[in-house]
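Here the structure comes first, spelled out in structure tokens, and everything after it is commentary.
The numbers here are math on the coordinates, done by the rules we state, and not lab data. Because the structure is predicted, anything quoted here is derived from the model rather than measured.
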Amino acid sequence: MDLASLRAQQLELASSVIREDRLKNDPPDLIGGADVGFEQGG
């Protein structure tokens, strides 16, 4: 396992992360998956 290569890939992908809320102006067309959990008592 080449940790330096993995770190470089992580940094490259991190630059494409969207950190602001765009749902109001750019709502999603599809949702790839959803998971809703319910605990006892709320």
Helix 3-14: inclination vs the chain longest Cα principal axis, degrees, rounded to 10, gives 50
Taking 0.36 nm per residue of separation between residue 7 and residue 39 and subtracting their Cα-Cα distance, the length gained on full extension comes to 7.8 nm
The chain: Kirkwood hydrodynamic radius (Cα pairs, Å) comes out at 14.4
